[in-house]
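Single-structure report; data block below.
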Amino acid sequence: MDWQTSEDTVPSAPITEADARLLRARPPATGAWRDGDAVGDRRFASFGELITESGERLPGFRLAYETWGELSPTRDNAVLVLHALTGDSHLRGDAGPGHPTAGWWDDIVGPGGPIDTDRWFVVAPNMLGGCQGSTGPSSIASDGYEWAARFPHLTIRDQVAAQARLADELGIEVWGAVVGGSMGGMHALEWGVGHPERVARLAVLAAPPVNTADQIALNSVQLEAIRIDPRFQDGEYYDAGDGDGPHRGLALARRMALLNYRSPTELNQRFQRTWQSGKSPLGHGGRFAVESYLDFHGNKFTRRFDANSYITLVEAMNSHDVGRDRGGVDDALARVQARTLVLGIDSDRLFPVEGQHRIARGIRSTIDEDAVVITSDFGHDAFLIETPVVGRHLRRLLEGV
């Protein structure tokens, strides 16, 4: 069922009437996982105070995470896998109670897989500021109300600091590997630069060394789409009934993002100029099929995400600059000690391959002379869809000495 499949992990496809019927009910004010909901496969770790880079104070926080495989007695076989902007800890497994979608990297992580859980102990946390079990704007603050817009501003480094606390809690001094794509790739790169002694292998997939002005501009219009929704109410919408939350603004932000995640080639080949139904879109009230595709996935997204979290995480992504306060990008990348795979996608219009080449050229311990660039029509999301080729390169990293 399409409802149980993340739109990030499959090729684009026209929307059927059966698909559309799944979303006719009013969306909730927030799609966040809340205390009291089914736990599913999540585990939780709680921590004390975190002072953010901006100087704001988070008096305590929790990270939700999932694990696969067994930690070795010497604790040297742990792999940290970090999700993209709208992902979560459900890296592997079926959809079901507590998990609105199936695992987003089932073909990569598992017994005998590229990240082989017969060998590796895999840890996948929901990032700080998220909305699927980790502390974020939809979490309850000490005054008994949701943090909402009061939630502290986070950076990529703040989120990695929280992940480092999780590693300490699990007794993992050195990760056998840290792997991440997109925003998770930003986290992975920050691990390699900021904690070089704690990372043996590193995989940075479809991520840049800095978030550029162009990327910040694309993000800014998504955030404005949420904020101008009158039902956003400056972030204070959690008591709203079904259909009365900021779902229109959040859905529009998601539609904008999907255009960055996929390539023109894929959209043109999949949809061409086809109509959604027999009714013409040329002045007769009909719609083009690609419009219905974007609308459906935007609306579906509101069932599993939170508008305030989206703002918090996008702003954290905008903070990404490995060279900030480190003498610049080149000096920062020179700190990486891990055996490193850097992978880009030739059709990626969100984070073009020039960024991956710059990362690869700045790290002295890469397994290739330059970034690996895979060919795909799927654009940025290819690191989630083109699993055979991505898996082959991950095997090279993990099976090498």
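The values are calculated or read from the model by the stated rules, or taken from the named source; none is laboratory data. Quantities reported herein were computed from a predicted structural model and do not represent experimental measurements. As a convention, Cβ positions derive from the backbone with ideal geometry for all residues, glycine included, and neighbour counts pool all protein chains shown. Heavy atoms of the whole protein, side chains included, go into the accessibility calculation; ligands, DNA and RNA do not. Shrake-Rupley method; radii C 1.70, N 1.55, O 1.52, S 1.80 Å.
For segment 200-249, enumerate the residues that are basic (K, R) and either under 17 Å from M186 (Cβ atoms) or surrounded by fewer than 21 Cβ atoms within 10 Å (Cβ to Cβ) (or both). Steps first, please.
Filtering segment 200-249 for residues basic (K, R) gives 201, 227, 231, 248.
Matches in segment 200-249: R227, R231, R248.
Any idea which residue in segment 57-80 is surrounded by the most Cβ atoms within 10 Å (Cβ to Cβ), counting only those that are touching a residue at least 12 places away in the same chain (Cβ under 8 Å) and β-branched (V, I, T)?
Filtering segment 57-80 for residues touching a residue at least 12 places away in the same chain (Cβ under 8 Å) gives 57-72, 75-80.
Those left that are additionally β-branched (V, I, T): 67, 79.
Details: T67: 18, V79: 27.
Restricting to residues being touching a residue at least 12 places away in the same chain (Cβ under 8 Å) and β-branched (V, I, T), the top hit is V79.
Here is a check on your reading of the model: is R119 open to solvent by 30 Å² or more (accessible area, probe 1.4 Å), under 17 Å from the mean Cα position of the chain (by Cα) and closer than 18 Å to V179 by Cβ? Even if it seems obvious, please write down each step before you answer.
Working: open to solvent by 30 Å² or more (accessible area, probe 1.4 Å): yes; under 17 Å from the mean Cα position of the chain (by Cα): no; closer than 18 Å to V179 by Cβ: yes.
So R119 does not fit the description; no.
Looking at this structure, is V290 β-branched (V, I, T), touching a Phe, Trp or Tyr at 6+ places or on another chain (Cβ under 7 Å) and farther than 19 Å from V204 by Cβ?
Judged against the criteria, V290 is a match.
Residues of segment 217-244 being assigned to a helix (DSSP H, G or I), touching a residue at least 24 places away in the same chain (Cβ under 8 Å) and acidic (D, E), which ones?
Residue satisfying the conditions is D234 alone.
Any idea which residue in segment 203-258 is farthest from R364 (Cα to Cα), counting only those that are among the polar types (S, T, N, Q) and out of contact with any Lys or Arg (no Cβ under 9 Å at 6 or more places or on another chain)? Break it down stepwise before answering.
As a first pass, look at segment 203-258 and keep what is among the polar types (S, T, N, Q): 211-212, 215, 219-220, 222, 233.
So of that shortlist, the ones also out of contact with any Lys or Arg (no Cβ under 9 Å at 6 or more places or on another chain) come out as 211-212, 215, 219-220, 233.
Values: N211: 22, T212: 24, Q215: 27, N219: 32, S220: 34, Q233: 49 Å.
In this case the residue turns out to be Q233.
Can you pull out the residues in segment 305-329 that are of a type in the set (D, E, K, R) and buried (at least 20 other Cβ atoms within 10 Å of the Cβ)? Before you say what the answer is, go through the steps one by one.
First, the residues of segment 305-329 that are of a type in the set (D, E, K, R): 306, 315, 321, 324-326.
If the condition is that a residue be of a type in the set (D, E, K, R) and buried (at least 20 other Cβ atoms within 10 Å of the Cβ), then D306, D321 are the ones that fit.
Sort out which residues of segment 38-69 are outside any strand (DSSP E or B) and in contact with a strand residue (DSSP E or B) (Cβ under 6 Å, 6 or more places away or on another chain), and write them in order of number. Before you say what the answer is, go through the steps one by one.
Step one: filter segment 38-69 for residues outside any strand (DSSP E or B), giving 38-42, 48-49, 52-56, 59-60, 69.
Matches in segment 38-69: G40, D41, R42, G69.
Of the residues that make up segment 142-150, is at least one in contact with a Lys or Arg (Cβ under 9 Å, 6 or more places away or on another chain) and not aliphatic (A, V, I, L, M)?
Within segment 142-150 (the criterion being in contact with a Lys or Arg (Cβ under 9 Å, 6 or more places away or on another chain) and not aliphatic (A, V, I, L, M)), the answer is no, since none of the residues qualifies.
What pairs come up if the first residue lies in segment 330-351 and is within 24 Å of R395 (Cβ to Cβ) and open to solvent by less than 10 Å² (accessible area, probe 1.4 Å), the second is polar (S, T, N, Q) and not in a loop (DSSP other than H, G, I, E, B), and their beta carbons are under 8 Å apart, counting only those six or more places apart or on different chains?
Short answer, once both residue conditions are applied: T340/T366; L341/T366; V342/Q356; V342/T366; L343/Q356; G344/Q356; F351/Q215.
Return yes when A32 is part of a loop (DSSP other than H, G, I, E, B) and aliphatic (A, V, I, L, M) and no when it is not.
Values: part of a loop (DSSP other than H, G, I, E, B): yes; aliphatic (A, V, I, L, M): yes.
The answer is yes for A32.
Would you point out the residue of segment 44-56, among those that are open to solvent by 20 Å² or more (accessible area, probe 1.4 Å) and not small (G, A, S), that is nearest to the chain's Cα centre (by Cα)? It would help to see each step written out before you state the result.
Our first condition is that a residue be open to solvent by 20 Å² or more (accessible area, probe 1.4 Å); within segment 44-56, this holds for 44, 46-49, 51, 53-56.
Narrowing further to those that are not small (G, A, S): 44, 47, 49, 51, 53, 56.
Numbers: F44: 19, F47: 22, E49: 25, I51: 23, E53: 21, E56: 24 Å.
Filtering first and then ranking leaves F44.
Check whether at least one residue in segment 250-265 is open to solvent by 70 Å² or more (accessible area, probe 1.4 Å) and either at pLDDT below 75 or touching a strand residue (DSSP E or B) at 6+ places or on another chain (Cβ under 7 Å) (or both), and report yes or no.
Taking every residue of segment 250-265 in turn, none turns out to be open to solvent by 70 Å² or more (accessible area, probe 1.4 Å) and either at pLDDT below 75 or touching a strand residue (DSSP E or B) at 6+ places or on another chain (Cβ under 7 Å) (or both).
Is it the case that R396 is under 21 Å from W105 (Cα atoms), more than 20 Å from the chain's Cα centre (by Cα), touching a residue at least 60 places away in the same chain (Cβ under 8 Å) and outside any loop (DSSP other than H, G, I, E, B)? Spell out how you get there, then give the answer.
Values: under 21 Å from W105 (Cα atoms): yes; more than 20 Å from the chain's Cα centre (by Cα): yes; touching a residue at least 60 places away in the same chain (Cβ under 8 Å): no; outside any loop (DSSP other than H, G, I, E, B): yes.
So R396 does not fit the description; no.
Among the listed residues G298, G344, which satisfies the condition of being in contact with a helix residue (DSSP H, G or I) (Cβ under 7 Å, 6 or more places away or on another chain), within 30 Å of H99 (Cα to Cα) and at pLDDT below 95? Break it down stepwise before answering.
On the way: G344 fails: at pLDDT below 95.
Within the list G298, G344, the selection yields G298.
Please pick out the residue among E173, E197, E169 that is in contact with a Phe, Trp or Tyr (Cβ under 8 Å, 6 or more places away or on another chain), among the charged types (D, E, K, R) and surrounded by fewer than 16 Cβ atoms within 10 Å (Cβ to Cβ).
Working: E173 fails: in contact with a Phe, Trp or Tyr (Cβ under 8 Å, 6 or more places away or on another chain); E197 fails: in contact with a Phe, Trp or Tyr (Cβ under 8 Å, 6 or more places away or on another chain).
Step by step, each of E173, E197, E169 is checked, and only E169 is in contact with a Phe, Trp or Tyr (Cβ under 8 Å, 6 or more places away or on another chain), among the charged types (D, E, K, R) and surrounded by fewer than 16 Cβ atoms within 10 Å (Cβ to Cβ).
Is it true that I385 is modelled with pLDDT of 95 or more and aliphatic (A, V, I, L, M)?
Working: modelled with pLDDT of 95 or more: no; aliphatic (A, V, I, L, M): yes.
So I385 does not fit the description; no.
Could you list, ordered by first residue, the pairs with Cβ atoms under 6 Å in which the first is in segment 352-375 and surrounded by fewer than 19 Cβ atoms within 10 Å (Cβ to Cβ) and the second is of a type outside the set (A, V, I, L, M) and assigned to a helix (DSSP H, G or I), at least 6 apart or interchain?
Going by the 6 Å Cβ cut-off, the qualifying pairs are D370/H357.
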